[in-house]
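Take a look at the structure set out below.
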Amino acid sequence: MAPWILRFAVFLLSCFLCQQEAQCLDEVLRLRTSLLEKYQKSIRPVRDYRDGITVHLNVALRQITDLDEKNQVLKTFCWLRVYWKDEYLAWNETEYGGISSIMFPSREIWIPDIYLYNNVDEQSDGGLQPGTNVKVTSEGEVSWLTPSSFTSSCKIDIGPFPYDDQNCLLHFGSWTHTGIQVDLQNVSDAADLSDFADNGEWWLLGMPVRREEKFYSCCPEPYPNLKFSINLRRRPMFYFFNLVLPCLILLLINPLVFYLPPDSGERMGFCMTILLALVVFLQLVSESLPKTSDNIPLIGKFFAGTIFLLGLTAMANIIILHLYYRRPGSKAVPPVIRKIFLVYLAKIFCVTKASDCDEKEKDEKDGPEAFKISNPFVDVTQMFPFGGSAPNSPEPGSRDYGTWDCSGRVRRKEPPRVTFNLEAMQTNSLIYLKEILRSVNVIVKDIKEQRADENVELEWRDVAMILDRVALFFVIMATVGLSMAILLFSGL
Ligand SMILES: *[C@@H]1O[C@H](CO)[C@@H](O)[C@H](O)[C@H]1NC(C)=O
Ligand SMILES: *[C@@H]1O[C@H](CO)[C@@H](O)[C@H](O)[C@H]1NC(C)=O
């Protein structure tokens, strides 16, 4: 007995509930049809056509999809919140079963023709696409929340790149209605950023809104518009690690070229390799920047400065190598250059010279001595006062030395047992000595010429090495200056 009673009860209850729901649905349907019966969605919903509609607009920025510096285009994804009052969409709650709000597809009712003025999307005209529902309260308050992605133009100032701030505008306004017909107002003094998804390339500093009334030459009425300005600051780490740091390292190793010995022949190769690497880097940077000439980015200036410095280094190296490899027989160092380089700069830069600047004086001192040699050995006997063996002759068998006799023949490994007739020896040895003297003089002259030549070479080499030091000094100064400048700008 109990089961069928229970079943019956459930049946009755469900019938009752269905009845209730049907009644509710009926109410909504009735309300909808009564509201839309005479509704014209193309007509501004005011009873008196002279009245204005106040449209409140707010933007919740969801994401910055892309900021294309090269084409100066910003892509954003936003939620738009539009509020206005529709005088035809109001009803008496008690007459319609206490329904306080109702949804409409936005296609079915009038919506304000708000457009993004600085739209650059080829596919869309920048207008808000109807599609999502609108919520209408019994007082006729309409709120329309719609997601939308915008492609807007954004003037990009790449001056301090990669330490730059950018200000991009989202510029909204009614396309056809004047400010009297549709008055556009901001809801708050900044956009809603509570749902913003962080961007890897940019920090979002803020998004204030500004309301402006613009007068166009066509019409006397004002056209209000809202300008949401997206304030962005670039996160420079990526560019610092990928562009600035390698360039900085190349810049810092550049002065080391002056520590390579010129004889190694590696100097020019080193210079050119660094220069080439930098040019490749510069190519990379310029590819990611707008092709504009009204402002050179900071990083471009840094690269240009670095390349200029490397070019100067290469030039200095060529000059230094040219001076270093002066061939024998080249002109002597001009006195002015000798004075500047070998005297003053050598002292300032503490260079130890290979050539001897005082060589001249020494030569002059050596002169008379050399002349002494040419004096005939009148008193040869003094050399061998005892008519004996030559002084300091080696001990027999101590070394592989030969001993000599007067005929000039050399007998090997014999004890120094030389006896000679002094008279014969004197005449003979005089002849020999004169011959020797003549030869020695020739040799001395040759050696002196050679030494003079060598000295000229060495002096040029010194000039080269001092120039090397001077160049090193200036390159280091310039390097430090450039690196400090870029590091200060990086805020590191
Ligand atoms: C709503 O309708 C009820 C009953 O028809 C009426 O008594 C009431 O005054 C109406 N309210 C308004 C605000 O018109
Ligand atoms: C609209 O924006 C202005 C700044 O342009 C601000 O002073 C004003 O308070 C804002 N209005 C509202 C309702 O917040």
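The values are calculated or read from the model by the stated rules, or taken from the named source; none is laboratory data. Every value quoted in this text rests on a predicted model; they were computed, and no experiment measured them. Every residue, glycine as well, gets a Cβ built from its backbone with ideal geometry; the counts of neighbours run over all protein chains shown. Ligands, DNA and RNA are stripped out before the accessible areas are found, and what is left, the full protein with its side chains, is counted by its heavy atoms. Shrake-Rupley method; radii C 1.70, N 1.55, O 1.52, S 1.80 Å.
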Q: Among the residues of segment 214-229, write down those that are more than 15 Å from ligand 2 (Cβ to nearest atom) and farther than 13 Å from Ile180 by Cβ.
A: Tyr216, Ser217, Cys218
Q: Go through (1) surrounded by fewer than 16 Cβ atoms within 10 Å (Cβ to Cβ); (2) in contact with a strand residue (DSSP E or B) (Cβ under 8 Å, 6 or more places away or on another chain) and name the single condition Ser217 misses.
A: (2)
Q.
Please determine whether any residue of segment 243-259 is within 16 Å of ligand 2 (Cβ to nearest atom), in contact with a Lys or Arg (Cβ under 9 Å, 6 or more places away or on another chain), touching a residue at least 60 places away in the same chain (Cβ under 8 Å) and open to solvent by less than 30 Å² (accessible area, probe 1.4 Å).
A. no
Q. How many residues, within segment 458-492, are at pLDDT below 90 and basic (Lys, Arg)?
A. 1
Q.
For segment 139-195, give me each residue that is touching a helix residue (DSSP H, G or I) at 6+ places or on another chain (Cβ under 9 Å) and not hydrophobic (A, V, I, L, M, F, W, C).
A. Thr146, Gly159, Pro160, Pro162, Tyr163, Asp164
**Q.** Trp91 vs. criteria among the aromatic types (Phe, Trp, Tyr) and within 16 Å of ligand 2 (Cβ to nearest atom)
**A.** no
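From the list Glu87, Glu27, Glu95, which one is out of contact with any strand residue (DSSP E or B) (no Cβ under 6 Å at 6 or more places or on another chain), outside the structural domain of Gly159 (by TED's automatic domain parsing), of a type in the set (D, E, K, R) and surrounded by 13 or more Cβ atoms within 10 Å (Cβ to Cβ)?
On the way: Glu87 fails: outside the structural domain of Gly159 (by TED's automatic domain parsing); Glu95 fails: outside the structural domain of Gly159 (by TED's automatic domain parsing).
After ruling out the rest, the residue left standing is Glu27.
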Q) Out of segment 166-181, which residues are buried (at least 18 other Cβ atoms within 10 Å of the Cβ) and either among the hydroxyl-bearing types (Ser, Thr, Tyr) or without any contact (Cβ under 8 Å) to a residue 12 or more places away in the chain (or both)? A) Ser174
Q | Selection from segment 189-213 of residues that are more than 14 Å from ligand 2 (Cβ to nearest atom) and either open to solvent by 30 Å² or more (accessible area, probe 1.4 Å) or in a loop (DSSP other than H, G, I, E, B) (or both) | A | Leu193, Ser194, Asp195, Phe196, Ala197, Asp198, Asn199, Gly200, Glu201, Trp203, Leu204, Leu205
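Go through Tyr223, Tyr163 for me and flag whichever is surrounded by 15 or more Cβ atoms within 10 Å (Cβ to Cβ) and over 30 Å from Asp113 (Cβ atoms).
Working: Tyr223 fails: over 30 Å from Asp113 (Cβ atoms).
On inspection, the qualifying residue turns out to be Tyr163.
Every residue in segment 342-351 that is in a helix (DSSP H, G or I) and crowded, with 16+ Cβ neighbours inside 10 Å, please. It would help to see each step written out before you state the result.
If we filter segment 342-351 for residues that are in a helix (DSSP H, G or I), which is where we start, we get 342-348.
Once the filter is applied, which keeps residues that are in a helix (DSSP H, G or I) and crowded, with 16+ Cβ neighbours inside 10 Å, segment 342-351 yields Leu342, Leu345, Ala346.
Residues of segment 314-340 being under 25 Å from Glu266 (Cβ atoms) and open to solvent by 40 Å² or more (accessible area, probe 1.4 Å), which ones?
Residues of segment 314-340 under 25 Å from Glu266 (Cβ atoms): 314-328, 330.
Within segment 314-340, Met315, Ile318, Ile319, His322, Tyr325, Arg326, Arg327, Pro328 qualify.
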Q: Within segment 49-78, track down each residue that is surrounded by fewer than 16 Cβ atoms within 10 Å (Cβ to Cβ) and either assigned to a strand (DSSP E or B) or at pLDDT 95 or above (or both).
A: Thr54, Gln63, Thr65, Asp66, Asp68, Phe77
Q | Near pairs, Cβ below 7 angstrom, 6+ apart or cross-chain, from segment 197-224 (among the hydrophobic types (A, V, I, L, M, F, W, C)) to any residue that is open to solvent by 60 Å² or more (accessible area, probe 1.4 Å) and away from ligand 2 (no atom under 16 Å from the Cβ) | A | Ala197/Arg62; Ala197/Gln63; Trp202/Arg233; Trp202/Arg235; Trp203/Arg233; Trp203/Arg235; Leu205/Arg233
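Among the residues of segment 298-341, which ones are in a loop (DSSP other than H, G, I, E, B) and either at pLDDT 85 or above or of a type in the set (A, V, I, L, M) (or both)?
Filtering segment 298-341 down to residues in a loop (DSSP other than H, G, I, E, B) leaves 325-334.
Tyr325, Ala332, Val333, Pro334 - these are the residues of segment 298-341 that are in a loop (DSSP other than H, G, I, E, B) and either at pLDDT 85 or above or of a type in the set (A, V, I, L, M) (or both).
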Q) Does Ser148 meet the test of being buried (at least 18 other Cβ atoms within 10 Å of the Cβ) and small (Gly, Ala, Ser)? A) yes
